[in-house]
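Okay, so here's the structure we're looking at.
The values are calculated or read from the model by the stated rules, or taken from the named source; none is laboratory data. Note that the structure is predicted; figures quoted are calculated from it, not measured. Don't worry about glycine lacking a Cβ; one is built from the backbone with ideal geometry, like all the others, and counts go over all protein chains shown.
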Amino acid sequence: MKDNRRDFLKKSAAMAAAISATGFSACNGSGIKKPEVSSVVESAAGSKATEWPVTFGADRPKICVGIGAGDTKMMRQYKQVGVDYVLMGGPKVPWTEQSLREIIDPFKAEGLTVINMMIGGNQNIIYGKEGREQELKNIQDSIVAAGKVGLPVVEYNFYAHRFMAGYYELTGRGGSGITAFDYERGKNAPADQGTLMTAEALWENIAWFLKAVVPVAEKAGVRLALHPNDPPVPVSHGHAQIMATFNDWKRLIDTVDSPSNGMTFDCGVSRETGEDPIEVLRYLGSRDRINHMHYRNVTVQQPNLKYEEVFFDEGVVNLFEVMKEVFKLGYKFGLNPEHPRALDYDKEHPGGIQNQYPGGGGYTAQTYNVAYTKAMMQAVASL
Amino acid sequence: MDKNRRDFIKKSATLAAAFSVTGLTASAGSDNKNGTTAQSDGMQKDIKWPVVFGPDKPKMCIMSSLDRNYMRKVKQIGVDYLLGGGPQMPWTEKSLRNIMDQYAAEGLTVINLMIGGFDKTIYGLEGRDEEIRRIQDSLVAAGKAGLPVVEYNFYAHRFTDGYYNTSARGGAGTLSMDYDRAKNLPPAQGEGKPMTSEAMWANLTYFLKAVIPVAEKAGVRMALHPNDPPVPESHSHAQIVATFNDWKRIISIVDSPSNGMTFDCGVSREIGEDPLEVLHYLGSRDRINHIHYRNVVVTTPSLKYEEVFFDEGQVNMFAVMRDIFKMGYKFGIYPEHPRALDYDREHQNGLGKNPGDAGYTGWTYNVAYCKAMMQAVASM
């Protein structure tokens, strides 16, 4: 999952685990077993007699989930519930063609295509410290390697300190686990030692970064996706957060004008910040600046400060409208129906739940999300 | 699953397990905290989320057991209604309330129980009048307990012999049916001579004319499940709930909303019909008292098909859901026949040994898919 990747990357510069990845080529389809009776839906608009089963071709959104490199058992289990694309943390920076293929190929052998890997190793860049030149070069080399193996999207974060302290578990329907957030719970967390980053400083540093990497990404045929601050609080441990509002996201894509300078659109985060997710989706999507998507639902008490991540069917985001708009925009990259809820059944399973979020869940809950999302996609395609 | 309910009822005349059921009142279902009831299934642009479904909307239901831990699991994936097998015959108001109340304590409403124990009626044997009396008493009790729908079957021998396990994506289990595997079998022990079509129709007519008026008076709707598998002949007995014409004929035997059917979009497609046409025909006449929602891939209508994941079959599940809402259907919708998954095999309970057996994650997939389709239609 996304945040396992962030923490993993942040933990150490020398990453012990070497991870391999399968290349994603423009003519994707290799390794993906097509159902025997299928028809690719040409357009999502008003076909009265949509032929079923509805399948989604190369120019359609791709449901993807996070699977750890080399986890063959999970690969099969997610293929079973209809997932064909995956994402994970990338190998040790700088990525090489070989280190990427070492991750990608085992997934390909199980019929899964890696659509997105997260890159890290940008701490000095974020803080504007000495050593950032070397970090930049490593990232540039990594992006070039990604292009060579056909990995279409490289995701990253740009924050000084993530506000995990605000998360806590609430009980939902039937005793399920909800991931709740309250700024009050963590607002007195001590500020980081050392330099506290102001918004200006962070903007300066990200501009420096983007101006150097985006041209490289463009040339390599790779799209970058910056994830919004999640939780989207304005200040975290004394540092400003510059990816926490709609204005921030507009500013980001203006910093360097290129489809490679894109974002992760998250309808849950959008709603958490008090925005209309459709408006955000349209703004970024119509400019072709959405390179990854997260699909989930929330209930919000106070924008940016107090909200709950709930089951998809019980939140305030109109997930049908979102999916309609996603199709209308012609979006064709990854769609991650993330943040599963804690279910008893997953707690009982051998190994229990491995999830860093209080109230977060395991495979059955993730399957809930996948099935829900697939139905929404097929509903939109059948309109 | 229906098979489990049927088997449970058929196994013994005295049913050991007592089930409790809560009465379904007109104002049931309004227990959603933050939600806004979707006003109509028409083209409303600004539907408020979360979309919740009130008493006049379809009610997604699955089966549970009286194990409180399992009831919690049902609630966790967002299911509030149940179907199941009824208590020992004849049902009494007390035995029904016993079941319904236990479920109600965990926020679950029983919407449909299956009734059985009338084999003599099916075969036209002496003793059928006594069976019918017990059914009538059970229907009266159901009415008193507030159970809206009583489901039943009318076959001489179900063609389960045709089922076998097949594999799908990633090694998940699908359930296939092939008539060739078990055709031309004789009647099983105790079933007597092969039942002809005429005999079956005569016996069903006898049954319906006796029970439907009682059901109507009790405020109970009956739902006859189609033959599943819908083969024309099973162990040499004729099957009379296996074609669209059969279903048209059944509802015309006694003209009453209490004389209804279970609409199954999977079975409809299996027999080579357009599920929407069947839905419209039966639904416009208010003769659908229960719905099964599942998908299939058909090789030869009525004879060879594969029950698959909802997203990979030939039935347009969105169109079916859309038309269910459009017709104002308000009883149960059961997203049945889950697929076998490795994760469920690994779980402490494992999977059953019968072809097609599945576990909780398989159910979760179906439930989530069904809920999304409902919310999609309501948001159109």
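Data table
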quantity	calculated
Strands (runs of 3 or more DSSP E) contained entirely in the range A:102-221, each with at least 3 residues that are among the hydrophobic types (A, V, I, L, M, F, W, C)	A:113-118, A:177-182
Any chance B:Asp46 is assigned to a loop (DSSP other than H, G, I, E, B), modelled with pLDDT of 50 or more and either hydrophobic (A, V, I, L, M, F, W, C) or out of contact with any Leu (no Cβ under 7 Å at 6 or more places or on another chain) (or both)	yes
The lone exception for B:Gly190 - which of (1) free of Cβ contacts under 8 Å to residues at least 40 places away in the same chain; (2) assigned to a strand (DSSP E or B); (3) not basic (Lys, Arg) it fails	(2)
Options B:Lys353, B:Lys304: the member that is more than 12 Å from chain A (Cβ to nearest Cβ), under 30 Å from B:Glu233 (Cβ atoms) and modelled with pLDDT under 95	B:Lys353
Selected residue [assigned to a loop (DSSP other than H, G, I, E, B), touching a residue at least 24 places away in the same chain (Cβ under 8 Å) and in contact with a Phe, Trp or Tyr (Cβ under 7 Å, 6 or more places away or on another chain)] from B:Gly84, B:Gly54, B:Gly78	B:Gly78
Selection within the range B:129-164 - in a loop (DSSP other than H, G, I, E, B) and among the hydrophobic types (A, V, I, L, M, F, W, C)	B:Leu147, B:Phe154, B:Ala156, B:Phe159
Unmet requirement for B:Leu279, which otherwise passes all of (1) in contact (Cβ under 8 Å) with a residue 40 or more places away in the chain; (2) within 22 Å of B:Pro148 (Cα to Cα); (3) more than 16 Å from the chain's Cα centre (by Cα); (4) part of a helix (DSSP H, G or I)	(3)
Test: A:Ala199 is out of contact with any Cys (no Cβ under 7 Å at 6 or more places or on another chain) and either free of Cβ contacts under 8 Å to residues at least 40 places away in the same chain or buried (at least 17 other Cβ atoms within 10 Å of the Cβ) (or both)	no
In the range A:61-74, the residues that are buried (at least 20 other Cβ atoms within 10 Å of the Cβ) and part of a loop (DSSP other than H, G, I, E, B)	A:Pro61, A:Ile67, A:Ala69
From the options B:Glu106, B:Glu126, residue that is within 14 Å of chain A (Cβ to nearest Cβ) and either in contact with an Asp or Glu (Cβ under 8 Å, 6 or more places away or on another chain) or outside any helix (DSSP H, G or I) (or both)	B:Glu106
Enumeration of residues in the range A:81-92 that are assigned to a loop (DSSP other than H, G, I, E, B) and without any contact (Cβ under 8 Å) to a residue 60 or more places away in the chain	A:Asp84
Contacts under 7 angstrom Cβ, first residue in the range A:336-353 being on the phi > 0 side of the Ramachandran plot, partner β-branched (Val, Ile, Thr) and surrounded by 20 or more Cβ atoms within 10 Å (Cβ to Cβ), 6 or more apart	A:His339/A:Thr179
From A:Ala191, A:Ala207, residue being within 23 Å of the chain's Cα centre (by Cα) and either away from chain B (no Cβ under 14 Å) or not aliphatic (A, V, I, L, M) (or both)	A:Ala207
Tally of residues being more than 10 Å from chain B (Cβ to nearest Cβ), in contact with a Ser or Thr (Cβ under 9 Å, 6 or more places away or on another chain) and either of a type in the set (A, V, I, L, M) or within 29 Å of A:Leu329 (Cβ to Cβ) (or both) across the range A:64-99	6
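Yes or no, residue by residue, for (1) touching a Phe, Trp or Tyr at 6+ places or on another chain (Cβ under 7 Å); (2) within 14 Å of chain A (Cβ to nearest Cβ); (3) surrounded by fewer than 24 Cβ atoms within 10 Å (Cβ to Cβ):
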site	(1), (2), (3)
B:Ser268	no, yes, no
B:Ile291	yes, no, no
B:Met317	yes, yes, no
B:Met327	no, no, yes
